[in-house]
Amino acid sequence: ISSKTGATNHNVCEVYNEDVTNLMTSSSSSLYSSKSLAAAVIAYQEGGDIKRVYFEGSIDISADDYAGGIVAYATGGTIDLSGANTADYNPFTNCSIVVMANRAGGMIGHAEIEIKNYLLNNNVEVAGANISGGFIGEVDTSKNLTYTSLNNDGIKVGSAQYAAGIVGRIVHLSTTVYVKLKDCTNDSNITATKTAGGLVGSATVLVLEG
C-alpha cells in the first residue's frame, strides 16, 4: 500500500494488487482535489481485495472528477462488503459524508469492478456535477459485471445530467457485454436536470433481475 497526502487529499493514495483489510479512518474536515480522485479512504484501487474498511466522522469530499465515499477510482480487484450493516461491521459509522464531483458515488466514483451486499443509508449525500449514483457514479467496462443486493435506503442523489439510486451512468466499451443489477433497490428521491433513474441513469446494455 502506498499512502501519502498531497493534491488528491485522501487517507490512502494508491493500492496496486495488495489487500486492504480492517482499515479504520476518521475525520471531521473537508477533502478537496483541484484535479481528480478524492475519497474518504482510498483514492485509487488497481487489483487486490478491499475488505472491512471503515470511516467515522463528518466529511465533505469534492474533486473536479472522481470522488467516492470509500474509493474514488476502482479499476481492478474486489470490494467485499459481506456482513456490512451488522452489529460488528458498518463501513460508515456515526458519520456524515457529502460527495461532490463530475463523477460522484456514495461508495465509488468510477468503477470497473463488482461490489455486492450493502445497504447504504442517509448518512451519505451525493451531488455530481454531471454523473452521480447512490453507490457508483460511473461504471466503465469491457467485461460483464453483476451488482448484487445493493440497496439505497434514503440517501440524497442529485446531478445536472445522469443521476440514479445505484449507478449514475454505465458506459460499455463493447455492445457484447452487459451490466446486471440483481436484487437491487432504491428508496430515495433522485433529482437531475436531465436523465434521472431509480436504479440507473443511463446504460447501453442493462440486465435487471429480481
Tell me, what is the per residue accessible area of the range 48-200 in Å², probe radius 1.4 Å? 35 Å²
In this model, which of Lys116/Lys194; Lys51/Lys143; Lys143/Lys182 are farther than 20 Å apart at the alpha-carbon? Lys116/Lys194; Lys51/Lys143
Label-reachable residues, the range 123-152, where backbone N falls under 19 Å from a point 7 Å from Ser58's Cα toward its Cβ: 123-127
Testing the spin-label approximation: label points 7 Å from Cα along Cα→Cβ at Lys194 and Thr176. State their distance in nm. 3.2 nm
If each of Ser96 and Thr148 carries a label point 7 Å out from its Cα toward its Cβ, how far apart are those two points in nm? 3.6 nm
So how far apart, in nm, are the two label points at Glu18 and Ser30 if each is 7 Å from Cα heading toward Cβ? 3.1 nm
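What is the gain in length, in nm to one decimal, between Val207 and Asp140 on full extension, counting 0.36 nm per residue of separation less the C-alpha to C-alpha distance?
Length gained between Val207 and Asp140: 22.6 nm.
The values are calculated or read from the model by the stated rules, or taken from the named source; none is laboratory data. It should be emphasised that the depicted structure is a prediction, and the values quoted were computed from it without experimental measurement. Here Cβ is always computed from backbone atoms with ideal geometry, including for glycine, and neighbour counts include all displayed protein chains. Areas reflect the complete protein model, heavy atoms only, side chains present, ligands, DNA and RNA absent. Shrake-Rupley method; radii C 1.70, N 1.55, O 1.52, S 1.80 Å.
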